[in-house]
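The values are calculated or read from the model by the stated rules, or taken from the named source; none is laboratory data. Just so we're clear, the structure is a prediction, and the values are computed from it rather than from any experiment. Cβ sites come from the backbone with ideal geometry, for glycine too, and all protein chains shown count toward neighbours. Note: areas computed on protein heavy atoms with side chains; ligands, DNA, RNA excluded. Shrake-Rupley method; radii C 1.70, N 1.55, O 1.52, S 1.80 Å.
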Amino acid sequence: MSDTVIAEEIKIPKRLDTEEVQMVLEHVKSLLEQEDHAQDENLQKYILHLHPADIAYILESLPKEERLQVWELVNSQYDGDILLEVDDWVREDLIASMNREDLLAATETLDADELADLAPDLPAEIVAEVQKGLTERERSQLLEAMGYEEGTVGAIMDFDMVRVREDITLEVVLRYLRRLDYMPDHTDQIFIIDRQEHLLGTLSLADLLVNDPERNVRDFMNTDFFSLSPEEEDTVATSAFERYDLVSAPVVDKENRLIGRVTINEVVDVMREDSQEQDLARAGLEEEDMFASTEKAVRNRTPWLLINLCTASTASFIAAQFEGTVGKIVILAFLMSIVAGIGGNSGNQTLTLVIRAIAMGRISSKSLWTMLKRETWVTMLVGLTGSILASFFAWLVSGSYKIALVMVIAMICNMIIGAALGVIIPLLQYKFDRDPAVGSSVLLTFATDALGFFIFLGLASLFLL
């Protein structure tokens with residue numbers, strides 16, 4: 001059966017689940033391996049009806065050469081949507097491969113907020129050219145959106161929303177909605193404004209549909225609504241959407257004028273990006289193309305590896321100062337890694353909890369003492385159980401109850417130190433406006449290794465020699 005027939009028979013849906021996306025990706029890879037004249041035609045037919053988000057996933061999963069080959073075959077009407085979906089490191093490659101006409105065609109259909117998302121990666125002359133085709137209102141919205149810093153509510157808000165006055169009937173609102181060409185995505189509520197565009201309240205679609213159409217909007221208007229400021233961090237929005245189960249939320253300026261809204265799709269993207277950044281930051285990495293050149297990958301990974309080398313060398317130097325103790329009681333060389341490892345694991349548990357709490361806005365530097373007390377008590381209770389088991393193991397392999405006792409004390413002390421540092425390190429970074437996740441794990445591991453060796457071997461020198 002030919003690949004063309006396969007593509008026609010599968011009839012790939014516009015939206016796919018994870019398993020289906022993986023199947024599509026594998027088939028695209030198999031088509032790319034072919035070298036016959038029909039390869040491009042088969043590929044184009046296969047990806048023709050895919051959702052832009054699924055195409056973006058495929059492009060991110062391919063090496064650069066194959067990525068650009070597939071990109072050339074994508075339906076051009078989806079170019080702008082796909083550029084919005086792909087990660088930054090892929091977007092740069094795709095934009096660099098496009099000529100002026102392709103870029104203009106991809107961006108001219110985008111809304112002002114979407115164009116603002118792409119603007120930092122687009123050539124300045126393309127942005128200027130696209131602005132010429134915008135209405136005065138759209139141009140004003142674009143400039144406003146580009147004026148907000150990345151990581152703020154203003155940077156993720158959109159301007160496409162339904163607004164009405166309070167002194168009209170529900171029937172008038174329904175007629176107005178029927179005349180619209182389309183309903184803005186994720187419209188769960190209509191915003192009620194006055195003539196100066198001050199936000200007075202919201203009207204849910206449920207109330208609009210089930211109530212008497214002859215009644216006025218003000219009769220069903222909700223004045224106890226949640227709103228956002230464009231200067232707030234986008235994490236404020238993610239916390240609120242999670243807490244209140246929101247689908248959309250209005251964005252107002254200092255005079256309470258409605259200037260935009262934030263929707264659940266943007267919030268989900270922010271949460272995903274923050275999660276990915278934190279995962280990478282804990283290992284001291286920045287986002288990179290998995291198929292990037294070796295040189296670029298080395299530049300990204302080397303700095304923190306060198307820092308880790310220095311910290312590991314420091315821990316080894318501390319252990320070397322107790323060479324005499326280890327030389328007389330060789331079993332200590334095997335046991336000290338347990339003390340250091342358990343302290344690091346305990347600290348990383350606390351570290352993960354604190355970083356997440358900071359990201360959700362649940363704690364701050366003022367919570368330091370409370371967090372320290374809680375984590376100290378939790379660690380002491382957990383550490384007591386773990387250290388008893390470890391000491392029993394130490395007694396079995398050494399036959400010495402003194403070594404077992406030293407093991408108990410050293411483990412509990414190092415676990416408490418790890419937990420304390422798991423609170424202090426991210427809070428200090430947060431206080432000085434640094435990402436709490438960046439390098440925290442590396443610093444914590446250094447401290448628990450170095451202090452674990454020092455405490456265990458120091459106690460052994462005092463009580464066993």
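Can you tell me which residue within the stretch 208-221, out of those that are open to solvent by less than 90 Å² (accessible area, probe 1.4 Å) and touching a residue at least 24 places away in the same chain (Cβ under 8 Å), is farthest from G154 (Cα to Cα)?
D212
If you go through the stretch 72-90 one residue at a time, how many are under 20 Å from P120 (Cβ atoms) and open to solvent by less than 40 Å² (accessible area, probe 1.4 Å)?
The total comes to 8.
Within the stretch 380-402, is even one residue at pLDDT 85 or above and surrounded by 23 or more Cβ atoms within 10 Å (Cβ to Cβ)?
Within the stretch 380-402, one or more residues are at pLDDT 85 or above and surrounded by 23 or more Cβ atoms within 10 Å (Cβ to Cβ).
What tally of residues in the stretch 108-129 results from selecting those that are assigned to a helix (DSSP H, G or I) and over 20 Å from Y182 (Cα atoms)?
12
Of all residues in the stretch 178-203, which are outside any loop (DSSP other than H, G, I, E, B), surrounded by 15 or more Cβ atoms within 10 Å (Cβ to Cβ) and either more than 35 Å from the chain's Cα centre (by Cα) or not aliphatic (A, V, I, L, M) (or both)?
Within the stretch 178-203, Q189, F191, G201, T202 meet the criteria.
Under the condition of being among the aliphatic types (A, V, I, L, M) and open to solvent by 20 Å² or more (accessible area, probe 1.4 Å), which residue from the stretch 157-171 is farthest from F220 (Cα to Cα)?
This residue is M161.
Whether any residue in the stretch 246-254 is modelled with pLDDT of 90 or more, within 16 Å of G154 (Cα to Cα) and either acidic (D, E) or open to solvent by 40 Å² or more (accessible area, probe 1.4 Å) (or both) is what I want to check.
Narrowing the stretch 246-254 to residues modelled with pLDDT of 90 or more: 246-254.
With the extra rule that they be within 16 Å of G154 (Cα to Cα), the set shrinks to 248-254.
From what's left, either acidic (D, E) or open to solvent by 40 Å² or more (accessible area, probe 1.4 Å) (or both): 253-254.
Yes, the stretch 246-254 contains at least one residue that is modelled with pLDDT of 90 or more, within 16 Å of G154 (Cα to Cα) and either acidic (D, E) or open to solvent by 40 Å² or more (accessible area, probe 1.4 Å) (or both).
Please enumerate the residues belonging to the stretch 260-286 that are at pLDDT 90 or above and crowded, with 19+ Cβ neighbours inside 10 Å.
Of everything in the stretch 260-286, those that are at pLDDT 90 or above and crowded, with 19+ Cβ neighbours inside 10 Å turn out to be G260, R261, V262, T263, E266, V267, V270.
Quick check on my filter: what residues within the stretch 344-370 are open to solvent by 30 Å² or more (accessible area, probe 1.4 Å), modelled with pLDDT of 75 or more and within 23 Å of N414 (Cβ to Cβ)?
Matches in the stretch 344-370: N345, N348, Q349, T352, L353, W369, T370.
Residues of the stretch 130-166 being over 28 Å from E233 (Cβ atoms), part of a loop (DSSP other than H, G, I, E, B) and either basic (K, R) or touching a helix residue (DSSP H, G or I) at 6+ places or on another chain (Cβ under 7 Å) (or both), which ones?
Matches in the stretch 130-166: L134, R165, E166.
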